[in-house]
Amino acid sequence: EAGVAQSPRYKIIEKRQSVAFWCNPISGHATLYWYQQILGQGPKLLIQFQNNGVVDDSQLPKDRFSAERLKGVDSTLKIQPAKLEDSAVYLCASSLDPAETQYFGPGTRLLVL
Amino acid sequence: DQQVKQNSPSLSVQEGRISILNCDYTNSMFDYFLWYKKYPAEGPTFLISISSIKDKNEDGRFTVFLNKSAKHLSLHIVPSQPGDSAVYFCAASATNAGKSTFGDGTTLTVKP
């Protein structure tokens with residue numbers, strides 16, 4: 001069974017530029033999560049989807065971050081415009097449902113200069 | 001306010017000995033606890049979990065202990081192996097909510 005796929009793996013941009021990350025969850029997983037992991041810290045949930053609906057986006061900085069999961073399968077996370085403090089690893093995870101184990105992708109490492 | 005705390009950023013043990021990683025939480029609503037293992041350049045991988053109705057859960061070399069009154073859990077690895085060297089994250093959630101709150105991790109180094 002294929003795992004959670006994420007692309008790109010690495011991205012370097014300058015502040016005020018825009019960037020987008022893509023995630024393809026494990027087939028059949030209805031729940032999808034985006035986490036931000038800053039160096040030296042644990043993953044912090046940005047947004048949780050159930051199929052194509054948002055369950056929790058309370059910690060998503062909505063003035064610059066947006067995410068969508070239009071067809072209830074893959075998802076994109078966008079930052080516009082990026083700030084220096086957005087430098088982090090962005091992890092996507094999926095699960096069959098919210099009560100089940102989350103499976104993480106390898107993450108996208110973002111560096112904002 | 002950090003609801004899940006791993007107070008030891010790093011731990012070094014000798015191969016074959018026991019590794020004990022600790023985690024404290026503050027939110028009384030948490031009733032499901034997980035440990036994840038993370039290698040460099042990879043995403044976290046689920047290791048073991050425990051529900052608040054239990055105080056111990058074992059899976060091979062890994063055992064998690066939960067002390068609800070102290071709001072404390074620990075992960076024991078016996079015997080430790082060099083391949084166990086990784087960052088270990090403690091996470092907590094309220095049942096069925098899906099959303100997990102993570103600690104900042106403990107880097108375990110197992111020396112041959």
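The values are calculated or read from the model by the stated rules, or taken from the named source; none is laboratory data. Quantities reported herein were computed from a predicted structural model and do not represent experimental measurements. Positions of Cβ are generated from backbone atoms using ideal geometry, with glycine treated the same way; all protein chains shown enter the neighbour counts.
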Task: Search result, residues across the stretch B:91-112 that are more than 8 Å from chain A (Cβ to nearest Cβ) and under 12 Å from the mean Cα position of the chain (by Cα) - done: B:A92, B:T106, B:T107, B:L108
Task: Positions within the stretch A:1-48 being part of a loop (DSSP other than H, G, I, E, B) and either of a type in the set (D, E) or at the interface with another protein chain (Cβ under 10 Å from one of its Cβ atoms) (or both), in sequence order - done: A:E1, A:G3, A:V4, A:R9, A:E14, A:I38, A:G40, A:Q41, A:G42, A:P43
Open item on the list: Let me confirm something: among B:S69, B:S28, B:S52, B:S74, which residue is small (G, A, S) and either under 14 Å from the mean Cα position of the chain (by Cα) or closer than 14 Å to B:L108 by Cα (or both)?
Closed with: B:S74
Open item on the list: Scan the stretch A:60-69 and tell me whether some residue there is under 16 Å from A:R109 (Cα atoms), of a type in the set (D, E) and out of contact with any helix residue (DSSP H, G or I) (no Cβ under 9 Å at 6 or more places or on another chain).
Closed with: no
- [ ] Look at B:G60 and say whether it is among the small types (G, A, S), within 25 Å of B:V13 (Cβ to Cβ) and either surrounded by fewer than 20 Cβ atoms within 10 Å (Cβ to Cβ) or at pLDDT below 95 (or both).
- [x] yes
Task: Number of positions in the stretch B:66-90 that are within 14 Å of another protein chain (Cβ to nearest Cβ) and not β-branched (V, I, T) - done: 4
- [ ] Scan the stretch A:86-102 residue by residue and report those that are among the hydroxyl-bearing types (S, T, Y) and part of a strand (DSSP E or B).
- [x] A:Y90, A:S94, A:S95
Open item on the list: Out of everything in the stretch B:41-65 that is β-branched (V, I, T) and more than 14 Å from every other protein chain (Cβ to nearest Cβ), what residue ends up being farthest from A:Q41 (Cα to Cα)?
Closed with: B:I53
